[in-house]
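These notes concern the structure reproduced below.
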Amino acid sequence: MRSLIFIIVAILILGYPVSYYLSSEEIEITVTKTERINQGEDSKYLVYTENETFENTDSWLYLKFDSSDLYGHMKANETYKVKVAGWRWKFFSSYRNIVALEE
């Protein structure tokens, strides 16, 4: 029984990062608006487009630690090629994350 629980926990711990990494895709977006949302001491950046809202946060899995710099470069009405990862879960207010940007 313990080995079964260990296997389930290992699958959950390893499964999420692997599936998150495999969910990535490169898309082209036109930014309509950007916004910084404060959550207590933390904050995150939201990037709005006509079709979808994305977040721009650091990601250990993608070794992305420059969210603020990326946010500062994004301008409304500009088109960018971006790499996004994750899923949009409206129930949890979860957005796909922009992990790379190319102008």
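Can you work out the FRET efficiency for the pair E25 and D69, with r the C-beta to C-beta distance and R0 = 22 Å, to the nearest 0.05?
Values: r = 22 Å, r/R0 = 1.02.
After rounding, the FRET efficiency stands at 0.45.
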Hey, what number do you get for the chain at 222 nm if only DSSP H runs of n ≥ 4 count, each worth -39500 (n - 2.57), divided across all residues, to the nearest 500? -9000 deg cm²/dmol
To the nearest 10 degrees, the tilt of helix 2-22 (Cα long axis) against the first principal axis of the alpha carbons of the chain is 20
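At a 1.4 Å probe, what is the % contribution of carbon and sulfur to the accessible area of the chain?
Values: 4040 of 7410 Å².
Heavy-atom surface of the chain belonging to carbon and sulfur, 1.4 Å probe: 55 percent.
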Between region 4-49 and region 72-100, what is the C-alpha centre distance in whole Å? 9
Expected sort for 65-73, 36-44, 77-85, 93-101 on mean C-beta neighbours within 10 Å, highest first, is 93-101, 77-85, 65-73, 36-44
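For every other residue with a beta carbon closer than 10 angstrom to the beta carbon of Y48, add +1 if it is Lys or Arg and -1 if Asp or Glu, then tell me the sum. Could the numbers behind the result be given before it?
Working: positive: K33; negative: E35, E50, E52.
That sum, taken over residues with Cβ under 10 Å, equals -2.
The values are calculated or read from the model by the stated rules, or taken from the named source; none is laboratory data. This is a predicted model, so every value here is computed, not measured. All Cβ positions, glycine included, derive from the backbone under ideal geometry; neighbour counts span all protein chains shown. For accessibility, only protein heavy atoms count, side chains too; no ligands or nucleic acids. Shrake-Rupley method; radii C 1.70, N 1.55, O 1.52, S 1.80 Å.
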